[in-house]
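Structure first, commentary second.
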Amino acid sequence: MSISSFSLEGKTALVTGGSRGIGKSIALELAEAGADVVITYARSVDAASEVVREIESKGRKAKAIQADAVRYNETEAVIATIQNEFSGPDILVNNAGITKDTLILRMSEEQWDDVIHTNLKSVFNYSKAVIKPMMKARSGSIITIGSVVGIGGNAGQTNYAASKAGVIGFSKSLAKEVASRNIRVNVVAPGYITTEMTGKLDDKVLQSIKDRIPLKRAGNPVEIAMAVQFLASDASSYITGTVLTVDGGMAM
Ligand code: NAP
């Protein structure tokens, strides 16, 4: 058996939350590897258009769709657009996510619901919407961006940790359901990565995080994108139901 490569030539990838941060890096990296890429976003119209321009400048087809990942009907519309205007989708990257951090004593029901819906229900929405076309194609790769916080927990993030632990259980269960159809389902769990999401943290918290990272530095979004490219490609054809931590050793 020959493993073809890390190439994504001829494939279509959908990256949720591809307008900024980690999602943007993933979208650009998958395009660099040869995929046509559709991104979704919530509000950042200009940033999303810029990502489309960058992908097109690499000679790939691209589209940005404003769609709330929390709403199943919007999710279905995104998949229908991809089926009409592209092929696939062959690759789904569930990346859209938010934080609303506070200790449980102060956490409102709304803060709990917003994070669980955006980070966990969205993963159900998009995975359910792509599974039929992937089953028909008898191939597919679904990659969800989790977090080391979903493995080890973090004070002030009960909502976020629950959502990220949830995507691990979800992905392992789905991996078992669809493995016989040659669909692989995996999680990439980043540690501390420099983006707008982590830009909200104050300097003291930041320093205490860095002190806990064996490699002694924050990660770069591209380092997450490279792991996603691997799991999206045939180079990982025998890997499913796994959680790949990309965290400078933080979760050890
Ligand atoms: P970010 O810079 O804040 O970007 C979040 C992205 O998600 C944006 O594209 C945003 O769209 C989109 N989004 C948010 N809510 C959405 C919704 N309801 N529907 C559609 N799109 C929505 O975040 P990031 O740091 O890149 O994080 C990306 C993923 O990595 C998240 O799942 C996060 O939990 C995970 N992660 C991040 C870190 C880290 O250190 N940064 C660590 C572990 C895990 P708009 O631009 O339109 O708002």
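The values are calculated or read from the model by the stated rules, or taken from the named source; none is laboratory data. Here the structure is a predicted model, which is why all the values come from computation and not from measurement. With ideal geometry, Cβ positions are generated from the backbone for all residues, glycine too; neighbour counts draw on all protein chains shown.
Working only within the range 161-170, note down all residues that are buried (at least 24 other Cβ atoms within 10 Å of the Cβ) and not small (Gly, Ala, Ser).
Hits for the range 161-170 are Lys164, Val167.
Out of the range 25-46, which residues are farther than 16 Å from Ala225 by Cβ, over 18 Å from the mean Cα position of the chain (by Cα) and surrounded by 15 or more Cβ atoms within 10 Å (Cβ to Cβ)?
Hits for the range 25-46: nothing passes.
Out of the residues in the range 171-194 meeting the condition of being surrounded by fewer than 20 Cβ atoms within 10 Å (Cβ to Cβ) and touching a residue at least 12 places away in the same chain (Cβ under 8 Å), tell me which one is farthest from Ser141 (Cα to Cα).
Thr194
Are any residues in the range 64-77 more than 16 Å from Lys121 (Cα to Cα) and surrounded by 19 or more Cβ atoms within 10 Å (Cβ to Cβ), and if so, which ones?
Result: Ala64, single match.
Assuming Ala64 fulfils every condition listed in (1) farther than 19 Å from Gly21 by Cα; (2) in contact with a Ser or Thr (Cβ under 9 Å, 6 or more places away or on another chain) apart from one, which condition is it?
(1)
Only one of Asp101, Asp46 is free of Cβ contacts under 8 Å to residues at least 24 places away in the same chain and acidic (Asp, Glu); which? Write out each step before concluding.
On the way: Asp101 fails: free of Cβ contacts under 8 Å to residues at least 24 places away in the same chain.
Criteria check complete, one pass: Asp46.
Need a quick list: helices (runs of 4 or more DSSP H) entirely within the range 98-156 having at least 2 residues that are surrounded by 16 or more Cβ atoms within 10 Å (Cβ to Cβ) and polar (S, T, N, Q).
122-137
Scan Val187, Val205, Val149, Val130 and give me the residue that is more than 17 Å from Thr118 (Cβ to Cβ) and at pLDDT 95 or above.
After applying the criteria, what remains is Val130.
Val188: under 21 Å from Thr12 (Cα atoms), within 14 Å of the ligand (Cβ to nearest atom) and of a type outside the set (S, T, N, Q), yes or no?
Taking the combined requirement at face value, the residue satisfies it.
Does the range 126-150 hold any residues that are farther than 20 Å from Arg71 by Cα and away from the ligand (no atom under 14 Å from the Cβ), and which are they?
Met134, Met135, Lys136, Ala137, Arg138, Ser139, Gly140, Ser141, listed by residue number.
Considering only residues that are surrounded by fewer than 17 Cβ atoms within 10 Å (Cβ to Cβ), in a loop (DSSP other than H, G, I, E, B) and in contact with a Ser or Thr (Cβ under 8 Å, 6 or more places away or on another chain), which ones fall in the range 221-250?
Hit for the range 221-250 is Gly241, nothing else.
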